[in-house]
Amino acid sequence: MKYPFTGLFEYCQQLGIALLETKKNADQLRIYIQQKDQHHFPANLSFLTQKSLHKFIFPKLDPLIDVWHCTHQTSWYIPPANRKLKCVLTVHDLNFLYEEKSEAKKTTYLKKHQKNIDRADHIVAISEFTKKDILKYLKVNKPITVIYNGCNVEEFPKHEQPVYVPSKPFLFTLGTVNAKKNFHTLPCLVQNRNLELIIAGKTDTAYVEKIMKEAAKYKVIDQIKILGPVSKEDKYWYYKNCFAFAFPSLAEGFGIPVIEAMSFGKPVFLSKATSLPEIGAEFAYYFENFEASSMNAIFDAGIHHHQSTQPEEAIIAHARQFNWKNSAKKYWEIYHNLLSS
């Protein structure tokens, strides 16, 4: 949870809260986290305070702790094999395989993943796509289970003043604003349309420049707003009021923003990359490629289909399947099974 306003932060926070809400009376839960971030959880939770030194000297733990759940695949904070602890490891994605990285870097990343997988007793993948990648590129001789992420968009119906109020209908997207999100392909969709493009999320300055260069190419600079990180209240407002949601990402282990947008019944436009077709299923529209003419044709057809068929209820029902309490119950089942095996 080092970086707020990211998918991994959301995963850790929402899962932690849901684990607390779904635990049985005999279960005990502690969250291992830096002291400065403990306020993100309910006060009645018990904490183990994480310190950077633990990367090199893992702390002694209460002997009553039976299972250690490492919530990110390359974490340094994982008990050594000589500790009598069962270990669950969540693998979110192997996205580096789909990014423009050298073969040497890919090999280094795979070795780090393999080291943690070798230490774990049970692997959790957050999508079938991620599971397939794990089995294809890594050696796994232990159980591996798919547990989808949940979706929990807090509602703020009285919030009417976000950081920026668009002056016209708007296309919305949300995520860390970097190259793999592929947001620079979106400005073409507001050309010759009475639309703004609102992009929210932690920004990479160099990539923002690339987005604005594309905006200049299509002469739509005034229609593009890059907001940086936004509050939960503002996020709710933008999802609720957007004309459509677009997420052309090139590499996702899951894609929480997709389900968040779908929970409002919005028309959602996705790339066909990695896990997104699995998550959006038949309830989203998919860009065949990122040529402007093709993207515009898909966008027009999708909006026409959404307006003519009014599939909002079906889209919302699809989104409701992705529930953090359901996810937490599946994790508790794994923890218990490890102790009984």
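The values are calculated or read from the model by the stated rules, or taken from the named source; none is laboratory data. Predicted, not measured: the structure shown is a model, and the values here were computed from it. Cβ placement follows ideal geometry from the backbone for every residue including glycine, while neighbour counts extend to all protein chains displayed. Surface areas here come from the heavy atoms of the whole protein model, side chains and all, with no ligands, DNA or RNA. Shrake-Rupley method; radii C 1.70, N 1.55, O 1.52, S 1.80 Å.
Of the residues making up the range 8-43, those that are in contact (Cβ under 8 Å) with a residue 60 or more places away in the chain, assigned to a loop (DSSP other than H, G, I, E, B) and open to solvent by 40 Å² or more (accessible area, probe 1.4 Å) are Lys23, Lys24. Number of residues in the range 86-126 that are open to solvent by less than 20 Å² (accessible area, probe 1.4 Å) and part of a loop (DSSP other than H, G, I, E, B) equals 4.
Screening the range 169-194 for residues that are assigned to a loop (DSSP other than H, G, I, E, B), within 18 Å of Asp300 (Cβ to Cβ) and touching a Leu at 6+ places or on another chain (Cβ under 7 Å) and picking the one that is most open to solvent (accessible area, probe 1.4 Å) gives Pro169. Considering each residue of the range 182-198 in turn, none proves to be closer than 26 Å to Phe9 by Cα and modelled with pLDDT under 95.
The set of residues in the range 134-157 being in contact with a strand residue (DSSP E or B) (Cβ under 8 Å, 6 or more places away or on another chain), in a helix (DSSP H, G or I) and farther than 19 Å from Ser75 by Cα consists of Leu135 alone. Could you run through the range 74-121 and say how many residues are in contact with a Ser or Thr (Cβ under 8 Å, 6 or more places away or on another chain), polar (S, T, N, Q) and at pLDDT 95 or above? Of the residues in that region, 2 qualify.
Condition first: assigned to a loop (DSSP other than H, G, I, E, B) and touching a Cys at 6+ places or on another chain (Cβ under 6 Å). Can you find one or more residues in the range 203-221 that meet it? Checked against the condition, which is being assigned to a loop (DSSP other than H, G, I, E, B) and touching a Cys at 6+ places or on another chain (Cβ under 6 Å), the range 203-221 yields at least one hit.
Where residues in the range 222-260 are closer than 22 Å to Tyr3 by Cα, aliphatic (A, V, I, L, M) and outside any helix (DSSP H, G or I), which of them is modelled with the lowest pLDDT? Checking each candidate, the answer is Ala251. Residues in the range 318-341 that are of a type in the set (S, T, N, Q), under 30 Å from Tyr285 (Cα atoms) and in a helix (DSSP H, G or I): Asn326, Ser327.
Residue by residue, here is whether (1) farther than 16 Å from Asn182 by Cα; (2) among the hydroxyl-bearing types (Ser, Thr, Tyr); (3) within 16 Å of the chain's Cα centre (by Cα); (4) surrounded by fewer than 19 Cβ atoms within 10 Å (Cβ to Cβ) holds:
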| position | (1), (2), (3), (4) |
| --- | --- |
| Val258 | no, no, yes, no |
| Phe269 | no, no, no, no |
| Leu276 | no, no, yes, no |
| Ala281 | yes, no, no, yes |
| Phe290 | no, no, no, yes |
| Ala301 | yes, no, no, yes |
| Thr309 | yes, yes, no, yes |
| Ala314 | yes, no, no, yes |
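Of the residues in the range 303-317, at least one is assigned to a loop (DSSP other than H, G, I, E, B) and of a type outside the set (D, E, K, R). Residues that are on the phi < 0 side of the Ramachandran plot, touching a strand residue (DSSP E or B) at 6+ places or on another chain (Cβ under 6 Å) and outside any loop (DSSP other than H, G, I, E, B): does the range 54-68 have at least one? Yes, because at least one residue in the range 54-68 is on the phi < 0 side of the Ramachandran plot, touching a strand residue (DSSP E or B) at 6+ places or on another chain (Cβ under 6 Å) and outside any loop (DSSP other than H, G, I, E, B). If you go through the range 127-150 and pick out every residue that is closer than 12 Å to Asp93 by Cα, among the hydroxyl-bearing types (Ser, Thr, Tyr) and buried (at least 18 other Cβ atoms within 10 Å of the Cβ), you end up with 2.
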